[in-house]
Amino acid sequence: MHYVCQNCNQARATVHITETMPEKHERHLCDECAEKEGVIVKQHHPTNTILQEFIKHKTGLGGADEKACPDCGLTFREFQQSGQFGCPNDYEVFRSLLEPLIERAHENATHHVGKVPHTADESLKRQSGLTRLRRALQEAIEDENYELAARVRDEIRAMQSADAPES
Amino acid sequence: MTIDDLTNTTGEWLRGEGPDSDVVISSRVRLARNLAEYPFLSTASETERTEIYRAVTEAVATNAGWSDALSIDLTEADEINRALLVERHLISRQHAVGEGSRGVTVSTDETLALMINEEDHLRTQALRSGLQLDQIWKDVNEADDALSQQLAFAFDQQFGYLTACPTNVGTGIRVSVMLHLPALKLTKEIEKVARAARDMRLAVRGMYGEGTDAVGDLFQISNQTTLGKTEEEIISAFGRDIIPKIVEYEHAARESLVRHRMYQLDDKIWRAYGLLCNARCISSEETLALLSPIRMGIHLGRFSAFGQATLNELFLYTQPAHLQKRHGKPLEGEQRGVARAEHIRGVLSR
Ligand SMILES: [Zn+2]
Ligand SMILES: [Zn+2]
């Protein structure tokens with residue numbers, strides 16, 4: 001059963017509320033009237049609006065959006081569809097494509113200010129190596145290439161011990 | 001400590017005692033972090049996901065800041081326990097219904113919680129009652145410092161802390177303040193406030209975050225921009241500017257109600273009490289809607305049948321998971337409404 005909004009008597013009611021004052025009764029309102037009364041808070045998804053921005057500006061990349069991250073394999077086009085990055089290295093790989101979008105999303109800000117982890121320098125090295133190596137290891141194991149797997153495992157260990165944060 | 005021990009208290013954030021607690025229910029700060037050496041969760045394999053989970057839980061287990069903390073593997077927790085954690089604001093709804101290796105670690109007083117493998121590898125939160133932003137920033141900042149001694153976080157000189165979604169990049173900080181605004185709602189000024197907040201690039205949502213309605217006149221306001229300002233700048237904009245202004249509006253609206261619509265106001269408050277005392281079947285939404293004018297009544301000195309502590313208790317223990325947990329077994333539909341009404345009458349006849 002469809003109701004017409006009891007407030008404006010025009011739009012279709014989408015919000016149905018049971019009020020208890022002064023006595024129990026039902027009210028049917030359209031989105032707009034419900035929002036005006038504060039019955040509902042319209043969802044202004046920050047992620048979605050910013051995502052739309054990302055998608056809107058994807059034309060004219062001239063195939064640049066087909067480039068894939070060597071670590072996780074994500075393309076910029078895939079990012080624009082999901083709004084999610086695949087690995088930390090994507091920020092490096094897609095930096096120039098990303099800069100204008102980040103700027104729009106963050107009120108024209110282009111650079112981080114604020115807290116810096118004390119492992120900042122090391123983490124840069126780690127993030128663009130270990131994911132790749134770990135996946136190479138996985139592949140080597142799946143291919144039953146144990147010699148290669150052993151080599152990759154050594155490389156991973158060397159990298160981990162080289163820049164493990166001091167405890 | 002176990003998850004069942006949680007059920008017996010109402011948690012720090014619901015004490016209702018912090019500064020400006022007549023309007024500000026609670027303050028929360030969350031920091032998003034990711035391990036530098038692992039992919040984000042959208043592309044992580046199940047093995048990688050499990051390794052991330054293990055790396056973080058191991059770090060937490062040996063971290064002095066989290067001694068005696070309760071660690072919950074959400075893949076092992078049942079639906080009611082997961083919902084209980086949502087109702088206590090310790091995990092997001094998204095985290096409760098998520099898939100794969102994930103969990104949460106909660107400090108004994110529930111002021112600190114660490115979600116593992118939600119949207120980012122780590123989301124550390126500090127949560128307290130009332131307007132206590134400086135304190136919770138201190139709490140979460142210290143927790144983050146301690147964790148960064150053990151875990152290397154993904155970080156970039158230009159973009160700051162790297163997050164799965166670039167809307168959180170930079171500081172990775174999300175400040176949220178939960179407000180009780182019954183007078184602004186009654187005087188229909190709430191949308192004006194919400195619009196002003198949105199113009200300032202703030203998000204306005206219902207109690208349980210994204211996608212929830214403002215039940216019980218509870219509104220959550222949070223920042224959306226995370227890059228280009230320091231954590232302290234973002235916090236102080238909230239604590240010294242935005243929130244005090246909204247509190248002032250709500251106070252003015254309450255004064256105006258007392259002055260111009262006193263009988264209607266008192267009638268609303270005491271009728272709500274009458275309904276709570278006599279209902280035989282009641283939903284959690286209706287309960288929250290009835291507790292709202294009563295909470296305002298307590299703070300305006302116009303309601304005397306019970307105080308803030310009882311109100312807090314009713315607020316939390318009438319929510320579905322808490323109710324069922326207390327009851328000792330799952331309750332369906334009408335049964336739940338009946339049990340809730342019984343519980344309320346029990347508390348109010350003490
Ligand atoms: Zn309408
Ligand atoms: Zn990648």
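The values are calculated or read from the model by the stated rules, or taken from the named source; none is laboratory data. Please read these numbers as outputs of a predicted model, since none were measured by experiment. Counting neighbours? That spans all protein chains shown, and the Cβs are built from the backbone with ideal geometry, glycine included.
Per-structure values
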{"read-out": "Elements of type helices (runs of 4 or more DSSP H) contained in region A:1-104, each with 3 or more residues being within 16 Å of ligand 2 (Cβ to nearest atom) and modelled with pLDDT of 75 or more", "value": "A:76-82, A:89-93"}
{"read-out": "Number of the condition not met by B:Ser176 [criteria: (1) more than 11 Å from every other protein chain (Cβ to nearest Cβ); (2) more than 28 Å from A:Arg104 (Cβ to Cβ)]", "value": "(2)"}
{"read-out": "Total residues in region B:277-292, condition buried (at least 23 other Cβ atoms within 10 Å of the Cβ) and of a type in the set (Gly, Ala, Ser)", "value": "1"}
{"read-out": "Test: residue in region B:317-336 that is outside the structural domain of B:Gly130 (by TED's automatic domain parsing), under 23 Å from B:Leu181 (Cβ atoms) and either touching a residue at least 12 places away in the same chain (Cβ under 8 Å) or surrounded by 15 or more Cβ atoms within 10 Å (Cβ to Cβ) (or both)", "value": "yes"}
{"read-out": "Within region B:24-37, tally of residues that are at the interface with chain A (Cβ under 7 Å from one of its Cβ atoms) and under 29 Å from the mean Cα position of the chain (by Cα)", "value": "2"}
{"read-out": "Subset of region B:221-248 [in a helix (DSSP H, G or I) and within 13 Å of chain A (Cβ to nearest Cβ)]", "value": "B:Glu231, B:Glu232, B:Glu233, B:Ile234, B:Ile235, B:Ser236, B:Ala237"}
{"read-out": "Count of residues meeting criterion [touching a residue at least 12 places away in the same chain (Cβ under 8 Å) and either touching an Asp or Glu at 6+ places or on another chain (Cβ under 8 Å) or farther than 11 Å from B:Ser101 by Cβ (or both)] in region B:28-52", "value": "14"}
{"read-out": "Lone unmet requirement of (1) over 26 Å from B:Val204 (Cα atoms); (2) facing chain A (nearest Cβ under 8 Å); (3) in contact (Cβ under 8 Å) with a residue 40 or more places away in the chain for B:Tyr161", "value": "(1)"}
